[in-house]
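Notes to accompany the following structure.
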């Protein structure tokens, strides 16, 4: 397997709880996000993605205290997404020890934000998040606000817009596959990778090393997963893990 | 740790703390030469970082400490790029401590821009120095950058790495070292690098 892909656990929090969603709803309590970060750090994962959900994340400011505690556990890169709507927030996050931020909903409402952030902080720190579902005609529909609001713009038109902004990365979330452990959306991975100059990360449905290999063949360089790294076994008991075969030492050298 | 408002200082401070070393942020130029080592972080665009460094009034003190007093200096990411003369990313002038400029990755098929991810650090030819330990050469470092360093002189290349082609991933000259990757985010390889910088380099 190619060593320089990035395999990253996603931890989602609501308030101060680590949760796991199913198709972006039914958040199930899993545990303590700080502890999860500490374990992932010990397991030497490539990167950690921290995602905030919860209805109040747009009205209150970000939970800097929790993010800071999580950043303190990470000697690998940390990415944060959820409720970002200003340059001030991004600056503060970067100062806390977050490497990269994911901006999603704000892109649809604050047109200038992402370009401004890229200009000030550099493209490498700014990721565009795309949450999407497939409709019954197999058309990709874009969503914002943790999957609560459907956006009108067509998927491919949005991809074109994003290329003009020039972010450091695209983070794709296949909402339908979230929490399902039913395999990733390879078709979308291919389509987006081909049309993007910047690296692409795919999240949703990843079950293990075979799915990672398939995604790499589609051209993505980042593979994100949540259920895979939070649960174990047939009964999906909570066990924070990072399978042996995915660890860096067990991949082929570059 | 030079705090001029454009770097991820929290993570670097934590890394040195984990190593049991005292690392303090400072934005007071009169303070610089008190320290045994200096670290120049940098996150953002070249022009943005240089502008902030210049407007913070720290450049003269930095030049004095590093070029005259010979305090060892570590530049990280854009902090390393700033050690050079210029960057294609912007129009500003760098510090000029090392003869180099920064250029953009071409972004040819298969090699996305920015270069994001973990890559090995390779020795150039048969050079030798305190950083070239087994732990580092068998490890990996985390990169996230669209521009890479292009030193004029081969003798200033400390490490090379690959992203489609071989590029310079670290530079050095006398008491100055600049790394494109983030040692504070490169787990054990990064921590080992920081340890060597703080305990062996520049002596």
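Bear in mind that the values in this text are calculations on the coordinates, not laboratory data. What you see is a predicted model; the values in this text were computed from it and never measured. Every residue, glycine as well, gets a Cβ built from its backbone with ideal geometry; the counts of neighbours run over all protein chains shown.
Tabulated data
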quantity: Chain A, relative contact order in percent, only Cα pairs under 8 angstrom and at least six apart counted; calculated: 20 percent
quantity: Cα-derived Rg to Rh of region A:60-176, Kirkwood definition; calculated: 0.98
quantity: For region A:127-254: relative contact order, % (alpha-carbon pairs under 8 angstrom, 6 or more apart); calculated: 18 percent
quantity: Chain B - share of DSSP beta bridges that are antiparallel (%, nearest 5); calculated: 70 percent
quantity: Within a Gaussian network of chain B (alpha carbon springs, distance under 10 Å), most fluctuating of B:189, B:133, B:119; calculated: B:133
quantity: Per-residue mean of C-beta atoms belonging to partner chains within 10 Å, peptide B:133-146; calculated: 3
quantity: Three principal axis lengths of region B:27-82 [C-alpha, angstrom, descending]; calculated: 29, 20, 16
quantity: Convex hull projection area averaged over all views, chain A, Cα basis, nm²; calculated: 12.6 nm²
quantity: Sequence-separation-based contact order of chain B, relative, with Cα cut under 8 Å and 6+ spacing, percent; calculated: 20 percent
quantity: Relative counts (whole %) of C-alpha pair distances in the protein assembly as shown, using bins that are 10 Å wide; calculated: 4, 22, 33, 25, 12, 3, 0
quantity: Rg ratio (alpha-carbon, reference 2.2 N^0.38 Å) - region B:1-150; calculated: 1.08
quantity: Ranking of A:201, A:79, A:160 by count of other Cβ atoms within 10 Å, fewest first; calculated: A:160, A:79, A:201
quantity: Ranking of B:148, A:248 by count of other Cβ atoms within 10 Å, fewest first; calculated: A:248, B:148
